[in-house]
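Derivation of every value follows stated rules applied to the coordinates shown; laboratory data play no part. Everything quoted here is computed from the prediction, not taken from an experiment. Positions of Cβ are generated from backbone atoms using ideal geometry, with glycine treated the same way; all protein chains shown enter the neighbour counts.
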Amino acid sequence: MDNLVPAPVRVDGNDQGTGFLPDHSTTLLAGPGTGTVERWLRSSLGASLGLPLAPARPGDEATGNTVELCVDPALAPEAYQLTVAPGTGVRITGGDPAGVFWGAQTLRQLLGPEAFRRAPVASGPVRPVPFLEIEDAPRFGWRGMMLDVARHFMRKDDVLRYLDLLAAHKLNVFHFHLTDDQGWRVEIKRHPRLTETASWRARSKYGHRASELWDETPHGGFYTQDDIREIVAYAAARHIRVVPEIDIPGHSQAAISAYPELGNTDVIDTTTLSVWDTWGINPNVLAPTDTTLRFFEGVFEELLELFPADTSPFIHIGGDECLKDQWKVSPAAQARIAELGLSDEDELQSWFIRHFDTWLTARGRRLIGWDEILEGGLAEGAAISSWRGYAGGVAAAEAGHDVVMCPEQQVYLDHRQDGGPDEPMPIGYVRTLEDVYRFEPVPPQLSEEAAAHVIGTQANVWTEVMQNRARVDYQVFPRLAALAEVAWSPLPAPGERDFAGFERRMSEHYARLDALGVDYRPPGGPLPWQRRPGILGRPIEGPPPHV
């Protein structure tokens, strides 16, 4: 019970007796609202242990060989209590169905690493669950990971696998970065060329954009609308919200290559553009025209049908790294600035963002964007993802806007994990497991009222140098486990987290990751096949900026 990740709020143990050891006669007693958790336990835990976990008969009471699931609204949302006691078996009580699910994830950890396999490898679980009581609840309501599938496409099955990995760490937000200069990844039926042509690029830069190497294999792919529905339903069954991102008005060359009228046609010949094959900040941005607005309204109309409001209340519109050089020399863009009475191109981007904020709000959704949407004025009601350090998040929170803290200098998992020469395609700052573990999402200078607007945190996974699932695994794990504890577990009273204790608990968590087939970075450094010798990265030295 001292190896749980993330660490629970309170654990009281009782070493008397043998504890709870499920067997072929173990039953599930599922109360109202816990059906999805019952099905998950039977399909996941039942499969790993080779047990039927049959439903209890109507009217049955809990026994010493029962796992009972129930909802008690007196508990906070996502909170749970897990009790293992003689004569009553396991009882998981959640403040809502999500809380019951997180309690079931804890039960899985208590049963040992073999409970994370897809089929049994022994006659039963590694060890009995001791008699204990756990009280637990998350620190933040937004605990997430952003996955970029635009730079390197990840197959649907791999996305579903990552949803399982998020659930195993009690993370509840999947930020799905679906579009960028290098590819468009979601089917939009009224604009078919977005997937017919904008989802594939002829080749890809291999390594950092300064590298002289190229992968000449065409790269691409997209999710059909039924794929998206499946992903959203799979996430919902694991109490994970999906936040789709359609990046506008920058990072849009793929869309412009398919529909040239979306670009600044009075500045460049947009018909010559193709899906971008390298990395960096692209100058080809959307034109601030009515044609562009109507086009993306159509995109979002289809997107809202694919991502229902109950599972995806937020829609991410990007808004980052929008170079305004083309707008500065575009007669059409300058005419739009004059027409609207704006002072400059920053305010023009703000107008663009505000348009979609109003449009989404009218349809019962909330806009969220990267912290650049602060420039020129933050759209009313919008939330921000603060990635350029803490400053944007501090300014937004003090102004009364909700913030997800995800500063590049702390929780960008594409950044290298060590300063040694063996890190594959080393990018950015060195951010070790301990660095991520000591990340604090709430800056100390915030007032109490402003701090309440920090609704959570997430890790961001940009995939320019992650060509496949194994590379993503290597960059994400084990650091995502540290981020999960930052997001879930209470901050210790002195404010200093116990990394030595976390590292000790990780010794068993590595075994869980092994059972799940995760190609994580070992504590001693990359294995020979995880290295990429000779591939240029972009090392940056220096500590992160102060909070």
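What GluC sites (Glu not before Pro) in the stretch 37-69 are in a loop by DSSP, with at most 16 other Cβ atoms within 10 Å of the Cβ?
Filter output for the stretch 37-69: Glu61.
Between 0 and 90 degrees, the angle of helix 499-516 with respect to the longest Cα principal axis of the chain falls at about 90 degrees.
Among beta bridges identified by DSSP and lying wholly in the stretch 10-136, the antiparallel ones come to about 60 percent. Rounded to the nearest 20 debye, the dipole magnitude of the chain is 1400 debye, with +1 charges on Lys and Arg beta carbons, -1 on Asp and Glu beta carbons, and the Cα centre as origin.
DSSP beta bridges fully contained in the chain are about 35 percent antiparallel. Of all beta bridges that DSSP places with both ends in the stretch 100-242, some 45 percent have antiparallel geometry. Relative to the longest principal axis of the Cα atoms of the chain, the long axis of helix 97-110 lies at roughly 60 degrees. The C-alpha atoms of the chain define a longest principal axis, and helix 225-237 lies at about 40 degrees to it. Placing +1 on the Cβ of each Lys and Arg and -1 on the Cβ of each Asp and Glu in the chain, which of Thr106, His251, Val436 has its Cα farthest towards the positive end of the resulting dipole? Value computed over the given set: Thr106. In a DSSP loop and with at most 16 other Cβ atoms within 10 Å, the trypsin sites (Lys or Arg not before Pro) in the stretch 101-177 are Arg118, Arg155. As a length-normalised measure over Cα pairs under 8 Å and 6 or more apart, the relative contact order of the chain settles at 14 percent.
Take the Cβ-Cβ distance between His355 and Glu61 as r, set R0 to 60 Å, and report the resulting FRET efficiency rounded to the nearest 0.05. About 0.55, to the nearest 0.05. Sparse packing (at most 12 other Cβ atoms within 10 Å of the Cβ) combined with a DSSP loop state is found for the following trypsin sites (Lys or Arg not before Pro) in the stretch 269-366: Arg363.
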